[in-house]
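Notes follow once the structure below has been shown.
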Amino acid sequence: MSREELYQLQKLDARKEKLKRSAQNDLETQEVLKLTKQLDQLKVELETKEEEIMQLNKEIKEKEFENARVTRKEEEYKNKLYGETNYSPKELEDFQIKLTKTEEVREQLEEEILEMMMILEQKEEELGSLEEKMSSKTDKIEELKEKLMNKEESIEMKLNKIKENKLELKSRIEEDLLEKYNKLYAKKNARAVVKLEDNYCTGCRMTLPRNLIKKVKQSIEIAFCENCGRILYWEKEEE
């Protein structure tokens with residue numbers, strides 16, 4: 001009887017849609033999207049941190065270069081002051097002033113370099129922490145993707161089985177009836193075939209006339225609800 005096949009066809013269609021929705025709304029899929037978004041943000045933070053470290057290294061090198069130049073000047077003034085050279089008292093006094101200023105500049109540079117080195121160390125630790133977080137999230141994403149791949153393969157197998165069963169059912173259903181079913185399925189929110197229960201249509205909840213109920217129960221021919229137009233199906237109770 002085509003009515004039974006139509007009802008089974010609708011169950012297969014419902015199963016198919018449920019499988020598709022489960023694949024789209026899978027919690028692991030949502031988690032992958034969430035983690036991927038977090039990973040992208042970490043990449044931005046990592047790039048920013050790397051730029052900061054690169055700039056800081058450049059500034060430290062410049063400071064060290066300046067410190068080396070000042071240190072050479074300091075040695076030069078010391079040699080003039082304490083070496084075996086003949087300078088006038090006025091010249092020696094001038095060298096001493098310059099030496100004192102040079103020493104102050106060198107000390108200031110060394111303090112700045114030390115402070116910058118401490119900042120660099122902190123930034124490198126932060127960079128390492130970011131790399132660890134990225135590695136952890138990448139591993140988690142890969143783990144979830146593997147699980148999703150296995151699920152997708154399982155769903156694909158089930159969908160293929162449903163497709164085979166549908167083809168077998170369709171081969172037993174008249175073409176014009178199958179066309180009516182497809183139109184109703186699309187129009188009636190995937191409920192083209194509904195059960196008759198307690199003398200009413202479970203699609204629209206309307207009580208049906210006696211002659212229509214009799215037709216459905218006797219399976220004389222395909223019957224449609226006079227209110228919502230759905231195909232009516234009656235499942236006999238087991239004795």
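Overview of values
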{"read-out": "Pairs with Cβ under 8 Å, 6+ apart, first in segment 94-120 and assigned to a helix (DSSP H, G or I), second among the acidic types (Asp, Glu) and modelled with pLDDT of 95 or more", "value": "99/74; 102/74; 103/74; 106/74; 109/66; 113/64; 116/59"}
{"read-out": "Qualifying residues in segment 142-166 (those that are under 21 Å from the mean Cα position of the chain (by Cα) and of a type in the set (Asp, Glu)) - the one farthest from residue 27 (Cα to Cα)", "value": "153"}
{"read-out": "Selection within segment 1-41 - crowded, with 17+ Cβ neighbours inside 10 Å, under 30 Å from residue 137 (Cα atoms) and among the hydroxyl-bearing types (Ser, Thr, Tyr)", "value": "29"}
{"read-out": "Test: residue in segment 66-86 that is closer than 27 Å to residue 118 by Cα, at pLDDT 95 or above and acidic (Asp, Glu)", "value": "yes"}
{"read-out": "So residue 38, is it within 30 Å of residue 163 (Cβ to Cβ) and in a helix (DSSP H, G or I)", "value": "no"}
{"read-out": "Residue 144 vs. criteria assigned to a helix (DSSP H, G or I), of a type in the set (A, V, I, L, M, F, W, C) and in contact (Cβ under 8 Å) with a residue 60 or more places away in the chain", "value": "yes"}
{"read-out": "Search result, residues across segment 54-84 that are aliphatic (A, V, I, L, M) and within 30 Å of residue 127 (Cα to Cα)", "value": "54, 56, 60, 68"}
{"read-out": "Segment 138-159: number of residues that are touching a Leu at 6+ places or on another chain (Cβ under 8 Å) and more than 28 Å from residue 15 (Cα to Cα)", "value": "3"}
{"read-out": "Residues (over 19 Å from residue 158 (Cα atoms) and touching a Ser or Thr at 6+ places or on another chain (Cβ under 8 Å)) located in segment 9-38", "value": "none"}
{"read-out": "Any chance residue 132 is more than 19 Å from residue 37 (Cα to Cα) and assigned by TED's automatic domain parsing to the domain that holds residue 46", "value": "no"}
{"read-out": "Answer from 82, 77 - the residue that is surrounded by fewer than 16 Cβ atoms within 10 Å (Cβ to Cβ), assigned by TED's automatic domain parsing to the domain that holds residue 33 and among the hydroxyl-bearing types (Ser, Thr, Tyr)", "value": "82"}
{"read-out": "Residue count for segment 205-223, restricted to those that are surrounded by 16 or more Cβ atoms within 10 Å (Cβ to Cβ) and either under 16 Å from residue 5 (Cβ atoms) or of a type outside the set (Lys, Arg) (or both)", "value": "6"}
{"read-out": "Residue in segment 182-195 that is surrounded by 11 or more Cβ atoms within 10 Å (Cβ to Cβ), hydrophobic (A, V, I, L, M, F, W, C), out of contact with any Cys (no Cβ under 9 Å at 6 or more places or on another chain) and in a helix (DSSP H, G or I) present", "value": "yes"}
{"read-out": "Residue match in segment 73-87 (condition: in contact with a Phe, Trp or Tyr (Cβ under 6 Å, 6 or more places away or on another chain) and of a type in the set (A, V, I, L, M, F, W, C))", "value": "yes"}
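The values are calculated or read from the model by the stated rules, or taken from the named source; none is laboratory data. This one's a predicted model, so the numbers in the text were calculated from it and none came from an experiment. Glycine gets a Cβ as well: all are built from the backbone with ideal geometry, and neighbour counts include every protein chain shown.
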